[in-house]
1. So which residues in the stretch 35-93 are within 13 Å of G14 (Cβ to Cβ) and without any contact (Cβ under 8 Å) to a residue 12 or more places away in the chain?
2. Taking the stretch 30-45 as the region of interest, how many residues are surrounded by 17 or more Cβ atoms within 10 Å (Cβ to Cβ) and either of a type in the set (S, T, Y) or within 14 Å of M77 (Cα to Cα) (or both)?
3. Which residues, taken from the stretch 9-52, are among the polar types (S, T, N, Q) and either within 16 Å of K64 (Cα to Cα) or at pLDDT 95 or above (or both)?
4. Within the stretch 1-22, track down each residue that is among the hydrophobic types (A, V, I, L, M, F, W, C) and free of Cβ contacts under 8 Å to residues at least 12 places away in the same chain.
Amino acid sequence: MKKLLWWLIAGSSGGPNRAKIIMRLKERPYNANQLAEELDLNYKTVRHHLKVLQENDVITSSGKQKYGELYFLSDKMTDNYDVFSEIWETLKK
């Protein structure tokens, strides 16, 4: 999981936005529109990052392809949130 998180967060220009999404979803579930508003990002940008995170089992959702679908951290991500935090703190320096 550590290598995957490094790749998702540090390996591309979209990493900081994915990190912000992960941090928000740690607080509570959000749908794509709420995340776009909360993070001041374009809706399509948020949808792209949600897709990447979901394909890599970092997040899960309440249903497939439904309007208002809620996103949550996956159990795997919840179990490894300390690894994510360590990576994020390293990148912020």
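The values are calculated or read from the model by the stated rules, or taken from the named source; none is laboratory data. If you're wondering where the values come from, they're calculated on a predicted model, not measured in any experiment. Ideal geometry is used to build each Cβ from the backbone, glycine not excepted, and the neighbour counts take in all protein chains shown.
1. Listed by number, the residues that qualify are N42, K44, K51.
2. The number of residues fulfilling the criteria is 1.
3. From the stretch 9-52, those among the polar types (S, T, N, Q) are 12-13, 17, 31, 33-34, 42, 45; that's our starting set.
Across the stretch 9-52, the qualifying residues are N17, N31, N33, Q34, N42, T45.
4. The first filter runs over the stretch 1-22 and keeps only residues among the hydrophobic types (A, V, I, L, M, F, W, C), leaving 1, 4-10, 19, 21-22.
Selection gives W7 alone.
Quick grid of which residues meet (1) surrounded by 12 or more Cβ atoms within 10 Å (Cβ to Cβ); (2) hydrophobic (A, V, I, L, M, F, W, C); (3) in contact with a Pro (Cβ under 9 Å, 6 or more places away or on another chain):
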{"residue": "K2", "(1), (2), (3)": "no, no, no"}
{"residue": "M23", "(1), (2), (3)": "yes, yes, no"}
{"residue": "R47", "(1), (2), (3)": "yes, no, no"}
{"residue": "S62", "(1), (2), (3)": "yes, no, yes"}
{"residue": "M77", "(1), (2), (3)": "yes, yes, no"}
